Amino acid sequence: MSELRVPSPESRPRRIAVLASGRGSNLQALIDAISAGTLQAELVGVFSDRADAGALQRARAAGIDHAALEPKAFASRSAFDAELFARIDAAGPDLIVCAGYMRLLDAGMVDARPGRMVNIHPSLLPAFKGLRTHRRALAAGGREHGASVHFVTADLDGGPVISQARVPVRDDDDEAALAARVLAREHPLLLETVRWLVAGRIALHEHQVHLDGRALAAPLQLAANNRFA
Ligand code: GAR
């Protein structure tokens, strides 16, 4: 006789919503890992501020619910974000991943979801918050660059950093070459970090990243090579 097994809340796939404005290669990394069975999660929605975002096409191709909201159709940022987060909430995510979402978020919306939103940013934070990170890294003349995943707070690109991937800056680098080297590390960095988040091993307590219940002294250094891809 077969037994009816009801999955416990802990064993069900974690529900992830993604915010994206652009081409969506980080989203694709999540899609591919879930379909390969290497990330135990479910993508419950992809949301964008740009109807032409490649990320939406990737969501469509993967059969994931997706929506674009037009900022100009709203009277204010808070009105836009109220609608955006109403839709996100309706999808019921456990975790919200900003993967190339380029629009500022309303502080109230972020503050209402402590520890439930993460962002991937193409620099070794706190260096180079904001835009054009690769150009600025080259101009600064440092030997190292990379990407970070951090908890989103009302402080733009300033939330507690969970993990980083480092790449060398080469003498002959231009912006495109450096961006490509960083992006190749972003995908495994995001995947590995999201795996730890969905496993419940990483959490935010009192503005500090905790791993297995202990405050991290420094960001995790991940994705140093293709091990996590
Ligand atoms: C990525 O490089 C991501 O780190 C960056 O946008 C790109 C999106 O690429 N995010 C930011 O700059 C956020 N401040 P993708 O659309 O191919 O994932």
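Each reported figure results from applying straightforward, stated rules to the coordinates on display, with no laboratory input. Bear in mind the structure is a predicted one, so any value in this text is a computation, not a measurement. Methodologically, a virtual Cβ is constructed for each residue, glycine included, from the backbone with ideal geometry; neighbour enumeration extends over all protein chains shown.
Scanning residues 5 or more positions from ARG15 or on other chains, those with amide H under 5 Å from its amide H are GLU42, ASP94, LEU95, with H placed 1.01 Å from N in the peptide plane. Per-residue ellipticity at 222 nm computed for the chain from its helices equals -10000 deg cm²/dmol, with DSSP H segments shorter than 4 residues left out and the rest contributing -39,500 (n - 2.57).
What longest region of the chain stays clear of GluC sites (Glu not before Pro) that DSSP places outside H, G, I, E and B and that have at most 10 other Cβ atoms within 10 Å? In the chain, the maximal stretch lacking such sites is 4-205.
The residue among VAL118, VAL44, GLY63 whose Cα reaches farthest toward the positive pole of the charge dipole of the stretch 26-174, with charges on the beta-carbon of Lys, Arg, Asp and Glu, is VAL118.
Scattering from the chain was approximated by placing one identical point on each alpha carbon and applying the Debye formula without solvent; log10 I(q)/I(0) at 0.11, 0.16, 0.18 1/Å stands at -0.55, -1.16, -1.45.
Only one residue of GLN208, VAL169, ALA140 has its Cα farthest out toward the positive end of the dipole of the stretch 125-229, where Lys and Arg carry +1 and Asp and Glu -1 on Cβ, and that residue is GLN208. The H on the amide N of CYS98, modeled in the peptide plane, is under 5 Å from the matching H of LEU19, VAL118, ASN119, ILE120, each at least 5 residues off or on a different chain.
The amide H of LEU216, built 1.01 Å from its N in the peptide plane, has VAL209, HIS210, LEU211 as neighbours under 5 Å, considering only residues 5 or more places off or on other chains.
Run the dipole for the chain about the Cα centre, Lys and Arg Cβ at +1, Asp and Glu Cβ at -1, nothing else charged, and hand back the magnitude in debye, nearest 20.
Numbers: 27 positive and 26 negative charges, 51 e Å.
Using only the charged Cβ atoms, the result is roughly 240 debye.
Hydrophobic long helices, here whole DSSP H runs in the chain with Kyte-Doolittle means of at least 0.5 and Cα atoms spread over 24 Å or more along the helix axis, are found at 175-198. Within the chain, DSSP assigns beta bridges of which about 50% are antiparallel (rounded to the nearest 5). Placing +1 on each Lys and Arg Cβ and -1 on each Asp and Glu Cβ, with no other charges, gives the stretch 111-195 a dipole about its Cα centre of roughly 180 debye.
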